[in-house]
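Here the structure is laid out as structure tokens; the discussion comes afterwards.
The values are calculated or read from the model by the stated rules, or taken from the named source; none is laboratory data. None of the values given here were measured: they were computed from a predicted structure. Neighbour counts are summed over all protein chains in view; Cβ atoms, including those assigned to glycine, are modelled from backbone coordinates with ideal geometry.
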Amino acid sequence: MNKRAMRGAAPFAMVALLCATPASAQEEPSAADMGAARALGQDGVKLAESGNCEEAVDKLTRAEKIFHAPTTLARLGECQVQMGKLVEGTENLNRVSRENLAPNAPTAFKDAQERARKVLAEAKPRIAKLKIAVAAPAGAQFVVKLDGEPVPTANLNTNRPTDPGEHVVEASGPGYKVAIAKVRLAEGAQDSVALTLEVDPNAPKAPPPTPGGTLAPPATGQAPESPAPPNRVPAYVALGVGAVGLGVGAVFGIVALGKKSDLDGACSNKVCPSSAQQDTIDSGKTAGTVSTIGFAVGIVGAGVGTYLLLTSGSSARSSAATTANPLRVRVGSARIEPTLSTERVGLAGTF
């Protein structure tokens, strides 16, 4: 289509834009959108008439998304063909040429349809064809892209309509090296590209299946989770009991020594009338017994706490501690022994 014919059709295109219909029947555009689309279409036609298809395509595309008009879509297809986008442009021209126009449709619509058919007839033989083949192991998953755009698997190994010019074909998949090839297509030419997917030795290995048929979790390079820290609370409690016991033993030991000093001062030759100093004797004995038991409890508590600190984290040792108790202490007729388990610490005994 020459530029003189395009200029002559411009006034009719302007009128046809006023008769355009919404591109989507489901949502009626607002008056503001309709006015904006009409302005976009008019600007796009003017740009196309001046030969500036780069800017015209953007405005015509936006106008067509709001309003569909054969005049807008035909001019869009013509500009795309002029820019070398033959596949996309001929598809738009096909839509216009196949559209069933009403008998009372504007003359501009009918002229646009006739013009679209002529441009289409000239452009179709210029479309090139490219066959893409990928050699890959059975079951391999991969993606093919042409100039960065995905190519459906159904379009492989078939002559795919492609714009003339230089193209980059790429195939990639998990566990395989990226395969790339470049091809230059002349107008109306037919060519093919064959890519081979090679195993990437540096790719992460797939996790092996477990006996149950499920996949093992993938290796992440991180250390396995460390076990929960051992519970040392019983050890600290036992050490606390030991500290209290030692304190009690020390206090009552001092009391017992004080009573003994009183008796030594009141009784000559260590002979005391039983009636006069009996209370002091009894209290001294009691203090001495309590002191001895306090020290015994302190020693046992300290031993239990130390034992639990050394064996925390070992369930086998903790279990053994509940059956064998090497920390039993006897003080005269009194017997004191710790009760140990993974959940409880305590002291038991008879006095």
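Can you tell me which residue in region 139-148 is surrounded by the fewest Cβ atoms within 10 Å (Cβ to Cβ), limited to those that are part of a loop (DSSP other than H, G, I, E, B) and touching a residue at least 24 places away in the same chain (Cβ under 8 Å)? Lay out the reasoning, then the answer.
Step one: of region 139-148, the residues part of a loop (DSSP other than H, G, I, E, B) are 139-142, 147-148.
Still in the list and also touching a residue at least 24 places away in the same chain (Cβ under 8 Å): 140-142.
Values: 140: 14, 141: 9, 142: 18.
Result: 141.
In region 149-159, which residue that is of a type outside the set (S, T, N, Q) and outside any loop (DSSP other than H, G, I, E, B) is surrounded by the most Cβ atoms within 10 Å (Cβ to Cβ)?
So the first thing to find is which residues in region 149-159 are of a type outside the set (S, T, N, Q), and the list is 149-152, 154, 156.
Among the residues that remain, those that are also outside any loop (DSSP other than H, G, I, E, B) are: 149-150, 154.
Working: 149: 7, 150: 10, 154: 7.
The residue in question is 150.
Let's see how each residue does on (1) modelled with pLDDT of 70 or more; (2) aliphatic (A, V, I, L, M); (3) crowded, with 17+ Cβ neighbours inside 10 Å:
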{"position": "258", "(1), (2), (3)": "yes, no, no"}
{"position": "267", "(1), (2), (3)": "no, no, no"}
{"position": "275", "(1), (2), (3)": "no, no, no"}
{"position": "283", "(1), (2), (3)": "yes, no, no"}
{"position": "291", "(1), (2), (3)": "yes, no, yes"}
{"position": "296", "(1), (2), (3)": "yes, yes, yes"}
{"position": "301", "(1), (2), (3)": "yes, no, yes"}
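Quick check on this structure: which one of 6, 34 is surrounded by fewer than 20 Cβ atoms within 10 Å (Cβ to Cβ), assigned to a helix (DSSP H, G or I) and at pLDDT 65 or above? Lay out the reasoning, then the answer.
Details: 6 fails: at pLDDT 65 or above.
When all the criteria are applied, what remains is 34.
Here is a check on your reading of the model: is residue 115 more than 30 Å from residue 145 (Cα to Cα) and in contact (Cβ under 8 Å) with a residue 24 or more places away in the chain? Walk me through it before giving the result.
Working: more than 30 Å from residue 145 (Cα to Cα): yes; in contact (Cβ under 8 Å) with a residue 24 or more places away in the chain: yes.
Yes.
Every residue in region 101-121 that is surrounded by 14 or more Cβ atoms within 10 Å (Cβ to Cβ) and either polar (S, T, N, Q) or touching a His at 6+ places or on another chain (Cβ under 6 Å) (or both), please.
113
Matching residues to (1) modelled with pLDDT of 70 or more; (2) in contact with a Gly (Cβ under 8 Å, 6 or more places away or on another chain); (3) surrounded by fewer than 15 Cβ atoms within 10 Å (Cβ to Cβ); (4) assigned to a strand (DSSP E or B):
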position	(1), (2), (3), (4)
240	yes, yes, yes, no
244	yes, yes, yes, no
249	yes, yes, no, no
254	yes, no, yes, no
279	yes, no, yes, no
304	yes, yes, no, no
327	no, yes, no, no
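Can you tell me which residue in region 9-31 is modelled with the lowest pLDDT, limited to those that are over 12 Å from residue 72 (Cβ atoms) and touching a Phe, Trp or Tyr at 6+ places or on another chain (Cβ under 8 Å)?
Applying the filter and picking the extreme gives 22.
Residues in region 163-201 that are of a type outside the set (D, E, K, R) and in a loop (DSSP other than H, G, I, E, B): how many? Give the steps one after another, and end with the answer.
Filtering region 163-201 down to residues of a type outside the set (D, E, K, R) leaves 164-165, 167-169, 171-176, 178-181, 183, 185-186, 188-190, 192-197, 199, 201.
Applying the additional criterion that residues be in a loop (DSSP other than H, G, I, E, B) yields 164, 173-175, 178, 186, 188-189, 197, 201.
Residues that pass the stated criteria total 10.
So the check is Cβ under 6 Å with 6+ separation or different chains; which pairs have a first residue in region 160-183 that's crowded, with 16+ Cβ neighbours inside 10 Å and at pLDDT 95 or above and a second one that's of a type in the set (Asp, Glu) and not in a loop (DSSP other than H, G, I, E, B)?
183/191
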